[in-house]
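A.B. asks: Pasting a structure here, questions to come.
The values are calculated or read from the model by the stated rules, or taken from the named source; none is laboratory data. Being a predicted model, the structure only gives us computed values, none of them experimental. Glycine gets a Cβ as well: all are built from the backbone with ideal geometry, and neighbour counts include every protein chain shown.
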Amino acid sequence: MNAIISDLIEKAQNINEVDLVLKNGEIVDVFSLETFKGDIAIYNGYIVGIGNFEWSKKAVDVSNQYIIPGLIDGHIHIESTMVRPSEFSRAIIKHGITTVVTDPHEIANVSGIEGIKFMIDDAKNSMVDILMKLPSCVPATKFENNGATLTSNDLRDLLEYDEVIGLAEVMDYPSVINYEKDMMDKIEMVKNKKLVIDGHAAGLSDDKLDIYSIASIRNDHEAVNAKEALTRIRKGFNVLVREGSAAKDLLAILPGINSKNSTRFSFCTDDKHLDEMVDEGTINHAIKLAVKNGLDPLIAIQMATINNAKCHGIENKGAVAPGYLADLLIVDNLIDLSIHKVIKSGKIVNIENQQRKEQVEIPKSIMHSVKIPNITERMLQIPLKEGQKANIIEILPSKLITRKRVDFVDIKEGVFLSNPEKDYLKMAVCERHKSTGNVGLGIVHGLKLKCGAIASTVAHDSHNIVVAGTNDNDMILAIEALHNTQGGLVIVKNSEILARVELPIAGLMSDQPYEVTVKRLLYMHEILGTIVDHHSQNIFMILSFLCLPVIPELKLTDKGLFDVTSFNHIKIGI
């Protein structure tokens, strides 16, 4: 490092020897929240000078344009985009995202350490910098079956990887509150490396947030409104403002952000499907949405850059300043953030004609992860008595949290009968890692499915098969289709497969170029429009989060209906 510093210092004093100079740009200063005109000298991927330079080589004139730092996503699960890291990077760099902090707990829940190592290896062929946080909760809870268990000893060696920068979202808050040994060991080993620990404080009370902070968990992306965000800020947390496919919290948190506290806020995505990401991006979209709704553009850019870098302990990123990496965007203005050029590590990226790099081989075990017995109609029956009320999972628009609804439902011959008109549908989660035959059953309200069935092997966080439908025959065919393709998304109607997207990498990601996968997703959404009322939400993303038993109030696992408030399984009939 000293040799690199010496070289950069030498070039700072000899600007004619640098690699690139950007002339006459309006530079965005994320430290003082102002802009100023200047030239930027770049050498060996770093900024070595800002001023007014007479350069003997041909400079790039960026007059009447703004120079801002490359955008940083503070928390994203790449697996949720349904493409491998190297393909994800090709899709995202055109939107100005040059660094992401990712938690590979999705693939870890399916394939364990082998899955994490695949993500690290594949990320080395990426156009953006992909930094990893180690999954803290695999499995997420003991109330479901997944494909792997990762202890502190399993994770310890991975801390030696340069790409690993901390411990990912600690969602098993009972283990923290009860200071269970393995969780404390994970926290301590990461603290000893002086790395950052991420939180997942969905629905936590003030006293539990105190315990989180005592445990050195100092950021959180689960605030869903301004009040929750400000409570976290006052307790010393950095708040990652989430805007993804299913969870859209930005507008609700925005009133709590101002010039006095803005350094404690940053942007993240968490989960976003590929088709939406390709169309609108991620963090760039969050900036534009925030600015459109009244946030100072300079604060929005600060939240998308230096704030994320500081939050995660990332050095030399997130600012236009000497000694920082030359990850830069040239934009026409700060309102719609129209990107003119992307500069990554000092080199101008050809975002319109990207070349695919050679990709690492995918381990065979990761490509064969769907193991289920035959699912029968009897296994999908929900026994209920006439006149009996039922506990129902109620979906809340644009939220990951659900509500427990209690209501009368249709019953025929002693079993629940889906009613699309009332929007009460059957839902099932089938264990798919060890062929146990476990099938958890529930009733869901809010999917607005008029007919047929939809199913997926993307089902957070254990990623069993999740299926919902208006009839058992279509539900069974959807499950079988996913078994045959070793994972993916599927739509079935009248015993016919209408559309599917194959995701054979751990049942989570495609092995195809992102352009191929996004076309299949777009076609699937066209088909969804024919079977779903008011098709405005990402129904597959919503379905996947109905299985996550760490976000209130009611969820479904392969072991049955789960009440997150009481942290216990409950019966459907009451």
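A.B. asks: Taking region 354-408 as the search range and keeping residues that are among the acidic types (Asp, Glu) and closer than 25 Å to residue 438 by Cα, which one is farthest from the chain's Cα centre (by Cα)?
C.D. replies: 377
A.B. asks: A follow-up question, please. Applying the selection to region 21-36, what residues are surrounded by 11 or more Cβ atoms within 10 Å (Cβ to Cβ) and not acidic (Asp, Glu)? Before the answer, list the steps.
C.D. replies: Going residue by residue through region 21-36, those that are surrounded by 11 or more Cβ atoms within 10 Å (Cβ to Cβ) are 21-31, 33, 35-36.
Result: 21, 22, 23, 24, 25, 27, 28, 30, 31, 33, 35, 36.
A.B. asks: Does residue 360 satisfy being surrounded by 14 or more Cβ atoms within 10 Å (Cβ to Cβ) and not assigned by TED's automatic domain parsing to the domain that holds residue 474?
C.D. replies: yes
A.B. asks: Moving on. Between a first residue in region 159-188 that is assigned by TED's automatic domain parsing to the domain that holds residue 132 and more than 20 Å from residue 315 (Cβ to Cβ) and a second residue that is modelled with pLDDT of 95 or more and loosely packed, with under 15 Cβ neighbours inside 10 Å, which pairs have beta carbons less than 6 Å apart while being 6 or more apart in sequence or on different chains?
C.D. replies: Every condition considered, the pairs that remain are 182/151.
A.B. asks: Now, a different point. Would you point out which residue out of 505, 527, 542 is out of contact with any Phe, Trp or Tyr (no Cβ under 6 Å at 6 or more places or on another chain) and farther than 25 Å from residue 369 by Cα?
C.D. replies: Numbers: 505 fails: farther than 25 Å from residue 369 by Cα; 542 fails: farther than 25 Å from residue 369 by Cα.
Only one candidate qualifies: 527.
A.B. asks: Looking for whichever is over 23 Å from the mean Cα position of the chain (by Cα), surrounded by fewer than 19 Cβ atoms within 10 Å (Cβ to Cβ) and within 30 Å of residue 66 (Cβ to Cβ) here; the options are 335, 330, 343. Which one fits?
C.D. replies: Matching residue, one of 335, 330, 343: 335.
A.B. asks: Among helices (runs of 4 or more DSSP H) lying entirely in region 470-574, which contain 2 or more residues that are touching a His at 6+ places or on another chain (Cβ under 8 Å) and crowded, with 21+ Cβ neighbours inside 10 Å?
C.D. replies: Working: elements: 472-485, 514-531, 539-545.
Those helices (runs of 4 or more DSSP H) span 539-545.
A.B. asks: Among the candidates 299, 351, which residue alone is part of a loop (DSSP other than H, G, I, E, B) and over 30 Å from residue 408 (Cα atoms)?
C.D. replies: 351
A.B. asks: Follow-up. Looking at 195, 209, 204, which one is of a type in the set (A, V, I, L, M) and closer than 20 Å to residue 104 by Cα?
C.D. replies: 195
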